[in-house]
Amino acid sequence: MPRRRRPRRGRRRLPPLHHESAERGVFPADLATLYRCRWEVETLFRELKTQYELDEFDTSDPDVVKILLYAALLSLLVSRELLDLVTEQADDEIVFPPERWAATFRSHAQLILHELGEYLGYSPPPLLERLIEDAQKIHQQRPILQETLATATQPRCES
């Protein structure tokens, strides 16, 4: 007799759904819908864990965990909305697998955020000004750093 595998720790094995389900008022069409919904939830959690690294928090602070979770969920929502727009615009024969789309969205997230900021009228201060300001706030007592920063921002002479 073959040995049955034990489920991994932390995971519960769901009871099998079969013909006895109809006796309880759950019919095959309902079962198919339930499994489809369950699969969608599974793939969403897998995407959140792999693309948004929700299983690798570097904190035990519950407030920080909540913020990271909300940020990941908002990113996921934006990603899916953008996927819907892209799907509407693309040719009908083009398919966008959700996990591949998630990786694509993540790799372009900074550009998307920048474009969205410009569209909404937000313009961050110039990078050089921010670097100078931040460097002076943190290390005002260090004249060597200020000299280095001042030298680095001066135009270079061509030989």
(Q) For segment 16-73, give me each residue that is under 18 Å from P98 (Cβ atoms), among the aliphatic types (A, V, I, L, M) and at pLDDT 80 or above. (A) V41, L44, L48, A72, L73
Q: Specify which of the listed residues (E115, E99) is more than 19 Å from Q51 (Cβ to Cβ) and under 21 Å from the mean Cα position of the chain (by Cα).
A: E115
Q | Residue match in segment 57-77 (condition: open to solvent by 50 Å² or more (accessible area, probe 1.4 Å), of a type in the set (D, E) and not in a helix (DSSP H, G or I)) | A | yes
Q. Right, E88: open to solvent by 80 Å² or more (accessible area, probe 1.4 Å), within 20 Å of A109 (Cβ to Cβ) and over 10 Å from the mean Cα position of the chain (by Cα) or not?
A. no
(Q) If I filter segment 40-85 down to residues being small (G, A, S) and out of contact with any helix residue (DSSP H, G or I) (no Cβ under 8 Å at 6 or more places or on another chain), which single residue comes out as nearest to R106 (Cα to Cα)? (A) A71
Q. Within segment 125-137, is there a residue that is at pLDDT below 85 and among the β-branched types (V, I, T)?
A. yes
Q | Subset of segment 79-101 (residues that are hydrophobic (A, V, I, L, M, F, W, C) and in contact (Cβ under 8 Å) with a residue 24 or more places away in the chain) | A | L82
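The values are calculated or read from the model by the stated rules, or taken from the named source; none is laboratory data. Not measured: the values here are computed from a predicted model. Backbone-built Cβ (ideal geometry, glycine too); neighbour counts: all protein chains shown. Heavy atoms of the whole protein, side chains included, go into the accessibility calculation; ligands, DNA and RNA do not. Shrake-Rupley method; radii C 1.70, N 1.55, O 1.52, S 1.80 Å.
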